[in-house]
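Report on the following structure.
Values quoted throughout were computed directly from the atomic coordinates according to the rules given, and no laboratory measurement underlies them. None of these values were measured; they are calculated from a predicted model. Note that we place each Cβ from the backbone using ideal geometry, even for glycine, and neighbour counts take in every protein chain shown.
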Amino acid sequence: MDNIKILTEGDSSLLIVFGEEISPAINAKIASVVRLMREQHIEGIVDVIPAFASLLINYNPQVLSYRTLRERMEALLSLDLDTQEAVKRVYQIPVCYGGKYGPDIQAIADHAGLSVEEVISIHSSCDYLIYMLGFLPGFCYLGGLDQRIHTPRLSNPRLSIPAGSVGIGGSQTGIYPMDSPGGWQLMGMTPVKTYDPKREVPILVNAGEYIRFIPITGDEFLQIKDEVDRGTYKVKVSSGEV
Amino acid sequence: MGIRVLKGGMLTTVQDLGRYGYQSQGFSVAGVMDIRSFKIANLLIDNPENEAVLEITLIGPTLEFTSETIIAITGGDFSPTINGEPAKMYTALYMKKGDILKFGSARTGTRGYISFSSYLDIPVVMGSRCTNLKSRIGGFKGRKLKDDDYIGFRIKRRYLPFFLSRTLPQEDFSAQEAVLRVVMGPQDDRFSRQGIETFLREKYTVTSEFDRMGCRLEGPFIATASGAADIISDGIAYGAVQVPSHGKPIILLSDRQTTGGYAKIAAVISADIPKLVQRKTGHTVTFKAVTVEEAQAIFHAETEQIEAMRKAIHVPCREVLESRLTAKRLRKLLVQEQ
């Protein structure tokens, strides 16, 4: 229970905060709490949203009071929470950086005091852990962004960001799976669809897997986009140890 | 057997209480914006509590009935007419084959609801019939209704007892101000004492950036305790009030994203969300803090109030005891029948 906080979010949600940092250990702990909750099946819980370092529980106050749920969760959190290790699967996501695809890349470079080339090199040389999906169908929250290119979110979010955009928001990086409003600084775009409702498996990746960004040219972008549109493009996946 | 959409209106969608259980994959709940008006629409014609309805927005649709059924219209006042004659809201209405139900633009409120006793023939996707516009799933082909769409009914007209009693006082959405009660948190500690005072004291104006996802408010700057109010992205509840670093609140509604990274100073209580979603651009809101226990007591009171409405329409109507009134209403009904 150390450092775990149970907070209210309105009259029908409870937010459990496990820590103030993004770490694989905290994330794994949340996953085991969700597993335990499924096993215990608490009547009145309508949905759960596990995140980096927190868990939001939606409940029906008609069935379950704040006090009762809080007591149930306190009891559950006092249990010894086991965690499991995952096999490392890395999706290779092609990205065309800068230009019209990444209007904020210069701002990211300026903020970091680096060149655009250095930003691209840093961003594309690491495997990012998919901590969670959220915000939009298939939107991956990735961990492991190099501190040198952390960039604050826009103070006023954009009303529309095109699908496939790759951006940085604070200490996080990721891909917009569909056109959406959002506050991240945009650095590039992938022609790959991480969410496609028409595909047999609409969401490409799962929490616990990894993503690596592969820089491509504008010509390669158009070529891959064409293959994606025709349904012939296959995202490369490599596997290894965690 | 169903309805033909002659005019789709501005944003007419099939909605119910929403799609729960998939937020962990990033699927928004969606569902109706004004849960109270939705519940009243269904209870007026004895529909199951979560039966799908049409939600209409600002400019209503025109619908042609291709078979008889019973409907109810609730929410904002869109001056509905049936074959050109004003239609009574908050009342069970008998619709015949060929009837044209036409809505204008919202005179008061912003959203209206039409329930159908023959149930809209909409497939259940991931546990719900509601339209998720963002993900393009559910509802009618995952989108808003357009001219010439056709939605069938699942069953024939049902018999409804106490038909003449099925009327409730029309709810009034004309107020230009609303008090929204909130439970503070979860990240109210990110804001300065002055910031919290500003939030709870000042008036905020509803902007035109107000859709099913959320409502942006304009008003005095809400100060953070120190620096940016960004948080590690976490789940977002219905009614959560985010304050990005521009210092103006955004209230997250039915089509809200499942998670986000702006600090949430508070969350609007369930019973007061309908008051917000029926406000128009330029209207104002103020916030009042209540405890979570108080908010849940209000939640129970709201549920009891709706149950009381259900009881009120399940009695013989008082006009039956007065023969002249009965004759008048019967004549009206018979004239409609012809």
Take peptide A:134-144, look around each residue's Cβ out to 10 angstrom, count Cβ atoms belonging to other protein chains, and average those counts. 5
B:ARG324-B:THR291 pseudo-label distance in nm [points 7 Å out on the Cα-to-Cβ vector]: 5.5
Counting each DSSP H run of 4 or more residues in chain B as -39500 (n - 2.57), what helix-only mean residue ellipticity at 222 nm follows after dividing by all residues, to the nearest 500 deg cm²/dmol? -5500 deg cm²/dmol
Using only the alpha-carbon atoms of chain B, report the extent along each of the three principal axes, biggest first, to the nearest angstrom. 71, 43, 31
What are the semi-axes of the equivalent ellipsoid for the range A:88-240, taken as the square roots of 5 times the Cα gyration tensor eigenvalues, largest first, in whole Å? 22, 16, 16
In nanometres, what is the gap between the two model label sites at B:ASP172 and A:ARG70, each 7 Å from Cα along Cα-to-Cβ? 3.8
Mean per-residue count of partner chain Cβ within 10 Å for A:177-190 equals 2
Cα extents of the protein assembly as shown along the three principal axes, largest first (Å): 86, 53, 46
Mean per-residue count of partner chain Cβ within 10 Å for B:255-263 equals 6
Tell me, what are the semi-axes, in whole angstrom and largest first, of the equivalent ellipsoid of the range B:2-167 as set by the roots of 5 times the Cα gyration tensor eigenvalues? 24, 17, 15
Which Rg and Dmax, in Å, describe the Cα atoms of the range B:58-99? 10.1, 27
Cross-link reach from A:LYS5 to lysines, straight Cα distance under 21 Å and at least 8 residues apart if same chain, gives A:LYS29, B:LYS264
At R0 = 56 Å, how high is the FRET efficiency between A:LEU79 and B:ASN50 if r is their beta carbon distance? Nearest 0.05 is fine. 0.95
Near A:LYS198, which aspartates and glutamates are there with a Cα under 17 Å away, not counting those fewer than 8 places off in the same chain? A:ASP179, A:ASP226, A:GLU227, A:ASP229
Need the list of lysines near A:LYS193 for cross-linking: C-alpha distance under 23 angstrom, and skip anything on the same chain fewer than eight residues off. A:LYS88, A:LYS100, A:LYS225, A:LYS234, A:LYS236, B:LYS134, B:LYS141
Add -39500 (n - 2.57) for each DSSP H run of 4 or more in chain A, then divide by its residues: what number comes out at 222 nm, to the nearest 500 deg cm²/dmol? -7500 deg cm²/dmol
For A:61-67, B:304-310, A:45-51, ranked highest to lowest by mean beta-carbon neighbours within 10 Å, the order is A:45-51, A:61-67, B:304-310
Label model pair A:GLN147, A:ARG212: point-to-point distance (7 angstrom along the Cα→beta-carbon line) in nm is 2.4
Per the Debye formula with a single identical scatterer at each Cα and no solvent contribution, what log10 I(q)/I(0) holds for the range A:5-77 at q = 0.15, 0.20 Å⁻¹? -0.44, -0.79
